[in-house]
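Below is one structure, written out as structure tokens; comments come after it.
The values are calculated or read from the model by the stated rules, or taken from the named source; none is laboratory data. It should be emphasised that the depicted structure is a prediction, and the values quoted were computed from it without experimental measurement. Here Cβ is always computed from backbone atoms with ideal geometry, including for glycine, and neighbour counts include all displayed protein chains. All accessible areas refer to the heavy atoms of the entire protein, side chains included, with ligands and DNA or RNA removed. Shrake-Rupley method; radii C 1.70, N 1.55, O 1.52, S 1.80 Å.
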Amino acid sequence: MSHLSEILLINPPSIKEKTENIQPIPYGLLSIKLYLEQKYFQADILNFSSVTNWEKISKKLQNVQQYKIIGITCYTRQRFSVLELCKLCKKLSPTSKIVLGGPHVSFLDETYLLAYSDIVDFIIRGEGEVPFHQLVSVIINGENTLDQIDGLSYHSDGRIIRNEVSCKIAEMDTFPIVTYSLDDLRELNKSQSIVFHFDGEANELIAPIMASRGCNGACSFCCNKAFWGEQRYFSRDKLLAQVEHYYSLGIRLFDIYDDNFPNNKDFLKAFCTEIIKKRLDIGWWCSSRIDALDEDIIPLMKKAGCFLISFGLESGSQIILDNLNKKLNLSDHMHVFEWVKASDIDLRVTISIGHCGESHNTITETITALKHIKPNQVATYLLKVYPGTPLYDIFCKQGCIEDKYWLDYEKNIVPFFTYEHSIEDLQAYQDMIVDSLRQNISSSCHDELDSVELKLLWKDSLQ
Ligand code: B12
Ligand code: SF4
């Protein structure tokens with residue numbers, strides 16, 4: 001006899017924000033569902049990423065009363081729709097407990113719990129699998145107590161209680177291998193960003209895989225360090241099992257979601273060697289810090305199917321790199337780009353515009369660096385401020401923002417870092433970069449007004 005699930009996990013829409021939610025079933029939400037299954041709890045997932053009106057969502061939530069716990073992912077970009085969804089769920093099922101998790105609410109838990117005490121019951125800060133399972137055990141089985149749950153924030157006698165986060169040390173291999181169904185992969189692959197990166201191969205299905213969480217960097221605009229802590233890897237065999245699962249379904253292309261996949265050289269070497277030994281005919285791309293790669297490993301990565309590496313260059317100016325706490329000397333690592341190109345791996349760099357100290361001169365340095373590096377792809381963004389980042393703290397201290405900003409439906413989706421420059425200045429800097437590359441651009445893609453992706457061709461005559 002099948003048992004009705006008492007746990008619902010929801011990927012929110014982006015109706016209020018009027019943006020595209022490019023995550024049809026976020027990797028993290030799927031990981032939580034699969035982790036619960038390991039612990040013998042069944043959870044249903046509702047994916048509202050492409051739903052554009054609340055009537056449809058209400059209809060899909062008709063049976064919501066059956067769920068004792070409703071968990072919703074909250075990234076900054078969907079924060080208003082998440083609140084609308086909480087209101088709707090509480091209206092339809094007042095006794096269900098609503099739990100939020102994800103990088104936005106993890107750093108604004110008190111703000112949200114105080115402002116929305118009627119519709120948000122719990123917030124889990126940071127990594128979700130273990131604490132969500134602990135919470136489910138308390139609510140459904142009456143096991144343990146709330147104060148034993150890592151990283152849980154909740155109401156108690158008119159106060160907000162914030163439990164310490166300690167489960168970051170959970171062994172990665174205790175988590176499940178995340179595998180999407182073919183239908184979900186098809187949905188995921190509609191994302192503009194994926195189509196752009198994989199170009200001609202866009203007809204083939206691409207699967208996201210992950211070897212690690214966290215990053216050894218601590219850049220000022222990124223919440224990674226505060227969110228995940230030190231970088232932790234799955235075992236090589238666990239990653240291989242993920243690849244081989246998809247391989248057996250005919251999938252040959254992989255998007256490695258890690259922030260700095262190559263950081264652990266032994267892991268990378270062992271992974272590439274196994275792919276080659278097993279003759280898995282796959283293609284994959286990954287992100288890397290510039291200081292994570294050495295000359296020997298890059299040809300091995302190529303042999304194992306790596307066709308693109310994306311580097312968070314951010315700027316060609318050492319002053320800016322120091323200001324944003326990149327913790328590397330660019331001139332010491334410029335040869336990495338040469339090694340990548342020499343191995344016939346496509347080179348992508350991302351540039352963020354508007355850090356402390358940005359000026360006409362630093363932008364000129366960035367342009368000079370780009371012309372020297374000659375990447376195949378460049379993505380430029382105007383710097384935005386996300387909660388949980390050192391940049392956000394600077395913005396707060398300067399009185400440019402306060403936590404309640406995020407609750408105001410009238411406010412811009414995510415604020416630009418306008419501490420030193422206006423948005424117009426930042427756009428002018430972005431135009432400077434794009435204009436300087438104009439004759440090398442083979443195609444471009446404007447994800448939004450503030451972000452431009454370029455594919456570049458470098459002919460000898462233009463060098
Ligand atoms: C892959 C990725 C992308 C892909 C998305 C592909 C896809 N279709 O999903 C691409 C490249 C397209 C992308 C784009 C962007 N991204 Co992105 N991306 C990531 C990345 C590297 C991995 C996401 C992931 O799957 N993580 C792994 C899973 C396991 O983690 P998770 O989803 O966070 O889930 C865990 C917890 O959050 C928590 N949790 C999550 N949901 C829930 C729900 C409940 C109920 C509970 C209890 C817990 C919980 O538990 C989960 C398991 O531990 C993260 C950085 C990172 N390392 O996480 C950035 C990240 C998510 N991206 C970010 C940003 C800012 C962007 C962009 C806006 C960047 C830009 N300038 O354009 C765009 C816009 C996206 C959009 N339109 O919405 C930020 C989000 C910050 C924020 N506060 O929201 C992150 C965190 C990077 C960072 N450190 O700043 N991104
Ligand atoms: S290197 Fe990338 S992922 Fe790591 S802290 Fe810096 S921006 Fe974040």
Can you spot the lysines whose alpha carbon is less than 29 Å from Lys39's alpha carbon? Ignore those fewer than 8 places along the same chain.
Lys60, Lys68, Lys90, Lys97, Lys168, Lys225, Lys238
Rounded to the nearest 0.05, what FRET efficiency do Ser50 and Glu410 have when you use their Cβ-Cβ distance and R0 = 30 Å?
0.70
Using unit Cβ charges (K, R positive; D, E negative) and no other charged atoms, how large, in debye to the nearest 20, is the dipole of the chain about its Cα centre?
760 debye
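Distance check, please: which entries in Lys384/Lys411; Lys265/Lys384; Lys87/Lys404; Lys371/Lys397 exceed 25 angstrom between their Cα atoms?
Values: Lys384/Lys411 14 Å; Lys265/Lys384 32 Å; Lys87/Lys404 19 Å; Lys371/Lys397 37 Å.
As for pairs spanning more than 25 Å Cα to Cα, those are Lys265/Lys384; Lys371/Lys397.
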To the nearest 10 degrees, how steep is helix 360-373 against the longest Cα principal axis of the chain, on a 0 to 90 scale?
70 degrees
Sequence gap at least 6, Cα distance under 8 Å: using those rules, report the relative contact order of region 275-332 to the nearest whole percent.
36 percent
Dipole of region 348-460, Cα-centred, from +1 at each Lys and Arg C-beta and -1 at each Asp and Glu C-beta, to the nearest 20 debye?
520 debye
Based on DSSP loop calls and a cut-off of at most 10 other Cβ atoms within 10 Å, the longest stretch of the chain free of exposed trypsin sites (Lys or Arg not before Pro) is what?
19-278
Compactness of region 1-148 as Cα Rg over 2.2 N^0.38 Å, two decimals:
0.97
What helix-only [θ] at 222 nm does the chain give? Using -39500 (n - 2.57) per DSSP H run of at least 4, over all residues, to the nearest 500, the answer is -10000 deg cm²/dmol
According to the Kirkwood expression over distinct Cα-Cα pairs, how big is the hydrodynamic radius of region 196-285, in Å?
14.2 Å
Against the rule of thumb 2.2 N^0.38 Å, how large the Cα Rg of the chain comes out:
0.99
How large is the accessible surface per residue of region 313-452, computed with a 1.4 Å probe and reported in Å² as a whole number?
44 Å²
Fraction of accessible area attributable to carbon and sulfur, region 322-421 (%, probe 1.4 Å):
48 percent
5 angstrom amide H check on Asp346, placed H, neighbours 5+ away:
Leu308, Ile309
Given the C-alpha centroids of region 55-93 and region 293-309, what is the distance between them in whole angstrom?
44 Å
If packing is taken as the average count of other Cβ atoms within 10 Å, what order do 133-140, 359-366 fall into, highest mean first?
133-140, 359-366
Once R0 is set to 51 Å, what does the formula 1/(1 + (r/R0)^6) return for the Cβ-Cβ distance between Lys397 and Leu249, expressed as a FRET efficiency to the nearest 0.05?
0.50
Taking only the alpha-carbon positions of region 313-407 and ignoring solvent, what does the Debye formula give for the base-10 log of I(q)/I(0) at q = 0.21, 0.24 Å⁻¹?
-1.06, -1.26
How much FRET efficiency would the formula 1/(1 + (r/R0)^6) give for His446 and Glu420, where r is the Cβ-Cβ distance and R0 is 30 Å, rounded to 0.05?
0.75
Farthest towards the positive end of the dipole of the chain, among Trp458, Ser287, Ile72 and with Cβ unit charges of +1 on Lys and Arg and -1 on Asp and Glu, lies the Cα of Ile72
Solvent exposure of region 1-135 as accessible area per residue, Å², 1.4 Å probe:
40 Å²
